[in-house]
Amino acid sequence: MTASGSFHIWLIAPDSNYIMRLCHRLSLNPDHVVRRFTTVAQALAYRPPTAATPGALILDGDGPEGIPLRLVRKLRERLPTAHCYIVASQPTIEEKAELQSQGITNYLAKEPGSPEQLWQAMTQARHQPALPPPATAELRPDGQLLGRHASIRQVRELIAKAARTTITVSVTGETGTGKELVAQAIHAQSARAGQPFVAINMTAIPRELLESELFGHEKGSFTGAATRRIGRFEEANGGTLFLDEIADLELGLQAKLLRVLQERAVMRVGGSQAIAFDARLVVATHRNLAAEVQAGRFREDLYYRLLGMPIELPPLRSRGEDILLLAESFVQSFSLLNKLPLRSLSPAAREHLLSYDFPGNVRELKAMVELASVLADGEMLEPSDIPLRVPVGSLAGLPGAADQTALVFPSLREQTLAIMQSCLNSMQGDVVAAANRLRVGRSTLYRLIQSGHLHLPPGGRG
């Protein structure tokens, strides 16, 4: 809310009769200032003055782009204190799980009374304190990495020193050690904390699109470029830009990146005007960049430009009882988010975890204990709830290796379907009762049954 008492609301939705009614209803309150965007990308491109920072975001999940989770995540990163609401006919359970991980738990079905419900929700949000910036199970609200081991204390000291300056930071470490968390911690502790934090993984974008993704493009600059698009450097202006897996950047783009960093300006693909930017740069890789330079796969001049302050993350197996500290934090965070019983690790489960070397590091630990929280039945997590993965490579040459199978963790969708099927079975195929128990729409279960992903038990009522 501004000093004048206005409460700014961003309504992000394509035109429809429902949205027009909703916009009209919200505007009936003279203290509401409603700004319309047709897409999340438009909202991300808008830079409001401080006095017009929104207190609430309302997104339509039924538009042509659905609920664009990557863009919603970026919107939440940019406006972490705004209350966020989704209106949709029925978000899928996968979308709900992903949105909940972004701190969005306000879903309203598109019904005749929902504009009135949202009007009341805005009245409540206006008089509630702004949301605190979201913390993770590994990153405390003050932006500090979780852990007591000496190696992590040293990492925290380097993060604090980097945050006081604008020095480029290069983070190295094995896959899954938390390199992006270091970038987030530097951003959270710096003077740029209120500005955008923008992350991009070099391996997640097709090579032919990466230049446009980084630097943006002008309308008509190539086939399919129907509109102008700003790149990640421009998005991060004033804030922090995190370039993950920088060693995978091809040599041609390495030369362009070097020029951008030297001139502190970007040129959009197909553009003719240099656009200045001011962003703190954090880069990361699991490879040895010096070795990549010697092998001729990475430019030496770019290497020295990016080196800045090096921070090396230790593997989880070397952090001792930090394994247990993180595991307990993951269990508590996941259980609260999913309204599961709050369980602790039994003494045997703690020994079980400490006996494992975690080749996937913190990311693997998180996956393990979250799955255990779903599967467990008792008051505590036991070793039987926490299967330890056997690396495929370690089986080669062992007696009976051909008969052994490495454990593969099921995907979120597979876990979700298993839970839904178990609930259907326990309800003797009563879809209505199962939908109420799972807190999902009946149409979701019917659709999954019709598609063959779920099955009614023998004698089920449907």
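The values are calculated or read from the model by the stated rules, or taken from the named source; none is laboratory data. What you see is a predicted model; the values in this text were computed from it and never measured. We place every Cβ from the backbone using ideal geometry, glycine too, and count neighbours over all the protein chains shown. Remember, those area values only see protein heavy atoms, side chains included, never the ligands or the DNA or RNA. Shrake-Rupley method; radii C 1.70, N 1.55, O 1.52, S 1.80 Å.
A dipole drawn for the stretch 218-297 from +1 and -1 charges on Cβ atoms has a positive end, and of H286, I275, L251 the residue lying farthest that way is I275. Rg and Dmax over the alpha-carbon atoms of the stretch 195-292 stand at 13.2, 41 Å. A crude spin-label estimate for the pair R305 and Q117, with each label 7 Å from Cα along the Cβ direction, gives 5.2 nm. Note on Q42 and S89: their simple-model spin labels are 2.2 nm apart, each label 7 Å out from Cα toward Cβ. Ranked from largest to smallest solvent-accessible area, with a 1.4 Å probe on the protein heavy atoms, M380, M420 come out as M380, M420.
The length gained on full extension between L375 and Q273, counted as 0.36 nm times the residue separation minus their Cα-Cα distance, comes to 31.1 nm. The label-point distance for A348 and A160, in a model that sets each label 7 Å from Cα toward Cβ, rounds to 4.2 nm. Each of D322, D278 has its accessible area taken with a 1.4 Å probe; listed largest first, they run D278, D322.
Which loop trypsin sites (Lys or Arg not before Pro) in the stretch 195-264, with loop taken from DSSP, have no more than 13 other Cβ atoms within 10 angstrom of their Cβ? Of the trypsin sites (Lys or Arg not before Pro), the ones in loops of the stretch 195-264 whose Cβ has at most 13 other Cβ atoms within 10 Å are K219, R264. Using R0 = 25 Å, the C-beta based FRET efficiency linking F222 and E180 works out to 0.25.
Where a ≥ b ≥ c are the square roots of the eigenvalues of the C-alpha gyration tensor, would you call the stretch 154-204 rounded, which needs a/c under 1.5, or, failing that, prolate if a/b is larger than b/c, or oblate? Oblate. Legend: distances between Cα atoms for K74/K366; K74/K161; K110/K219; K256/K366; pairs beyond 29 Å are K110/K219; K256/K366.
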